[in-house]
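Below you'll find the structure, written out as structure tokens, and then a few comments.
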Amino acid sequence: MDVKALSFSYQDNPLLEDASVRLFEGEHVVLVGPNGTGKTTFLKLLSRQLKPDQGTVETLPKLSLGYLDQYATLPKAHTVMSYMAEAYAALFEKEAQMEELYVQAANAEETVQMKLLNRAATLGEELLATNFYAFKSNILKFLQGLGMDESTLQLPLEKCSGGMRAKVMLAKLLLEEHDVLLLDEPTNFLDAEHVAWLSKFLQSYSKTFVVISHDQAFLAEIATVVWALERRQIERYKGSFETYLATAQLRQEQHQKAFVTQQKFIKKTEAFIAKNIARATTTKRAQSRRKMLAKTQRIAPPLKTRTYVFAFPFSTPTGRDVLKVKHLEIGYHEPLVEPLDFILRKGEKVVITGENGIGKTTLIKTLTQQLSPLQGSYEWIDTAQVSYFAQDSDLDDRFTPFQTIHEAYPQFDRRQVFTLLAQHGLDADLALRPLKTLSGGEKTKVRLALLKHQKSNVLIMDEPTNHLDQAAKEALLDALIEYPGTLLLVSHERRFYEAVCESEISLYEAQNER
């Protein structure tokens, strides 16, 4: 794959300018850069879901390309099994051809019969060579590697949780063995053991991939090449992720020194010109310096590291027992887990854990009155004031971040809205772009900004770290640690929730214990 002079803008905001890079067969590439630099956009350009403003993406003929989209939807009519089986569509077609040949042979004359039987036998040998008849066990191997079991095979996709759908989509892409895999945040919703399985799979993958992830340990395990999206260009670093970090740090320091040196030279030269341009004896020298300065190629300012100021304001204290859950059965038609019994007490910070699809989000939706319990009960203390961060975004993509915040806080003037967004890593340019043009991380930051002035004494957060870069995760971690109220958290990132929460509600077990 050859990317040549690629430029792309959303409205008047350029994300790529004359960017070029080559992807060689068998390379294992990780694409890095802060939220909002255009990583997801670049993958969509590579997969031809977007057209560049200028430049080309050239690929070999008949190249098989698989793309994992953060926001793709799956066909509701399918079960997990029928969707996964689409990976074998060509082989199922070959099997149908073989069976038709046997039917034709049974009714054919003897001279034609042998030809039909030979053709059918050849197709049968080809199917055996591909291990076609073990397709079900092969499908299950990939699903189990990502944390699902045989009981999920007949589950309709519309009844799967967001995390399960993401896993099914990823499992099918891996099963299809594309020549090039483009994976956007494949570790979202994966527990540590399943990230380890994916890492091992990708390390041994004989073909080519490009992966976006904010999990640096994962990137370090799978990378042989790093692409860094910097200053609207793709910088290529050959070697391990650790080599990239060291080289990038050195380049950054050199760039900083060169920029400072050039700025001193420019100021000194401009001062000389201003002082001497009007003097008859020195005007030629000043004009010569002016021409030299005009031809000087300016070094771009060093990239500024975005800073975040996340916070969740506290209202008033509650009583001791904030939430009482008694024999609570959750689900849509059938209970997902055994009846739940627990008490959430004042000031506690508790994480809900369990495999994808077991009911973590369903429990949260039940406790926030979005779903009715199947049996049992729960009771919030009457002084509870709940702020809720849902796993799925409900933002209107037609609005800008500025419009979203202003609608939520109409009393804020323009300066206050821009300041709030800047505290969450969204500058003035991003604040005025439609939400549909922003990355997943940027949308998450807008949703966190909406909570900045929403007072509460109970905070419920369902997978808040999805799509966030490392700096934003650290700021969120600090804000949750500082929050003086009661916290109920769903997160698949063990390092994150162990740093925040002191106790756990596990949905892995039939009878849940605190």
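The values are calculated or read from the model by the stated rules, or taken from the named source; none is laboratory data. Remember, predicted model here, so these are calculated numbers, not experimental data. Don't worry about glycine lacking a Cβ; one is built from the backbone with ideal geometry, like all the others, and counts go over all protein chains shown. In case anyone asks, the SASA skips ligands and DNA or RNA and just uses the protein heavy atoms, side chains included. Shrake-Rupley method; radii C 1.70, N 1.55, O 1.52, S 1.80 Å.
I need to check one value: relative contact order of region 126-239, counting alpha carbon pairs closer than 8 Å and at least 6 residues apart, in percent.
Numbers: 92 pairs, mean separation 23.6, N = 114.
Relative contact order for region 126-239 comes out at 21 percent.
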Review point. Under a 1.4 Å probe, what is the accessible area of the chain per residue, stated in Å²?
Key: 51 Å²
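Could you calculate the contour length gain from residue 138 to residue 316, that is, 0.36 nm times the residue separation minus the distance between their Cα atoms, to one decimal place in nm?
On the way: separation 178, 0.36 × 178 = 64.08 nm, distance 5.48 nm.
Once the chain is fully extended between residue 138 and residue 316, it gains 58.6 nm.
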Exercise for review: With a Förster radius of 56 Å, plug the Cβ-Cβ distance of residue 49 and residue 118 into 1/(1 + (r/R0)^6) and report the FRET value to the nearest 0.05.
Suggested key: 0.80
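Rounded, prolate or oblate: which one fits the chain, using the alpha carbon gyration tensor with axes a ≥ b ≥ c (rounded when a/c is under 1.5, else prolate when a/b beats b/c, else oblate)? Walk me through the numbers on the way to the answer.
Values: a/c = 2.54, a/b = 1.19, b/c = 2.13.
Here the chain falls in the oblate category.
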Review point. Residue 179: net charge of surrounding residues, Cβ under 11 Å, Lys/Arg +1, Asp/Glu -1, itself excluded?
Key: -1
Check your understanding: Under 15 Å from the 7 Å Cα→Cβ point of residue 293, by amide nitrogen: which residues of region 269-284?
Key -> 269-279, 283-284
Check your understanding: Around residue 212, what is the net charge, scoring Lys/Arg as +1 and Asp/Glu as -1 over all other residues with Cβ under 12 Å from its Cβ?
Key -> -3
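Sort 228-235, 390-397 by the packing proxy (mean of other Cβ within 10 Å over each peptide's residues), most packed first.
228-235, 390-397
With the cut-off at 1.5 for a/c, could you classify region 398-461 from its C-alpha gyration tensor as rounded, prolate or oblate? Intermediate values should be presented prior to the final figure.
Numbers: a/c = 1.83, a/b = 1.26, b/c = 1.46.
Since a/c reaches 1.5 but b/c is at least a/b, the shape of region 398-461 is classed as oblate.
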Point to revise | Accessible surface of residue 139 - all protein chains present, 1.4 Å probe, nearest 10 Å² | key: 0 Å²
Revision key, fill the gap. With R₀ set to 30 angstrom, the calculated FRET efficiency between the beta-carbons of residue 385 and residue 494, to the nearest 0.05, is 0.55
Point to revise | Accessible surface of residue 406 - all protein chains present, 1.4 Å probe, nearest 10 Å² | key: 70 Å²
Practice item. Taking 7 Å along the Cα-to-C-beta vector as the label spot, tell me the residue 89-residue 18 distance in nanometres, rounded to one decimal. Key: 4.2 nm
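Could you give the dipole magnitude of region 166-305 about its Cα centre, charging the beta-carbon of Lys and Arg +1 and that of Asp and Glu -1, in debye to the nearest 20? Mind showing how you got there, number by number?
Numbers: 23 positive and 14 negative charges, 475 e Å.
Roughly 2280 debye for region 166-305.
Largest first, how would 295, 445 line up by accessible area (1.4 Å probe)? Let's see the in-between values first.
Numbers: 295 175, 445 0 Å².
Of 295, 445, the descending order of accessible area is 295, 445.
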Revision key, fill the gap. Placing +1 on each Lys and Arg Cβ and -1 on each Asp and Glu Cβ in the chain, then taking the dipole about the Cα centre, the residue among 401, 187, 50 whose Cα reaches farthest towards the positive end is 401
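Using a 1.4 angstrom probe on the protein heavy atoms only, line up 99, 482 by accessible area, largest first. Could you put the intermediate results ahead of the total?
Values: 99 95, 482 140 Å².
Most to least solvent-accessible, the answer reads 482, 99.
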Check your understanding: Which values of log₁₀ I(q)/I(0), to two decimal places, follow from the Debye formula for region 282-399 at q = 0.10, 0.18, 0.20, 0.21 Å⁻¹ with a uniform point scatterer at every Cα?
Key -> -0.51, -1.07, -1.20, -1.27
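Taking a 1.4 Å probe, which of 387, 137 shows the most accessible area, and what order do the others take after it?
Details: 387 0, 137 75 Å².
From most exposed to least exposed: 137, 387.
With a/c under 1.5 counting as rounded, go ahead and sort region 117-241 into rounded, prolate or oblate using the C-alpha gyration tensor (a ≥ b ≥ c being the square roots of the eigenvalues; past the cut-off, prolate if a/b is larger than b/c, else oblate). Each step should come with its number before you reach the end.
On the way: a/c = 2.53, a/b = 1.48, b/c = 1.71.
Taking the square roots of the gyration eigenvalues as a ≥ b ≥ c, region 117-241 is oblate.
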**Study point:** Of 267/295; 136/172; 324/346; 76/443, those spanning more than 19 Å from alpha-carbon to alpha-carbon
**Key:** 76/443
**Study point:** Most positive-pole-ward Cα, 38, 457, 489, against dipole of the chain from beta carbon charges
**Key:** 38
Practice item. May I ask you to derive the FRET efficiency for residue 205 and residue 102 from their Cβ-Cβ distance with R0 = 35 Å, giving the value to the nearest 0.05? Key: 0.40
Check your understanding: When DSSP assigns beta bridges and you keep just the ones with both residues in the chain, what percent turn out antiparallel, to the nearest 5?
Key -> 45 percent
Check your understanding: Stretch residue 71-residue 428 to full length: gain in nm at 0.36 nm per residue minus the Cα-Cα span?
Key -> 126.0 nm
Check your understanding: So for region 266-390, taking the charge dipole from beta-carbon charges (+1 Lys/Arg, -1 Asp/Glu), which of 351, 299, 286 sits furthest toward the positive end?
Key -> 286
Check your understanding: Using the per-residue mean of other Cβ atoms lying within 10 Å as a proxy for protection, in what order, highest first, do the peptides 49-56, 455-462, 108-115 fall?
Key -> 455-462, 49-56, 108-115
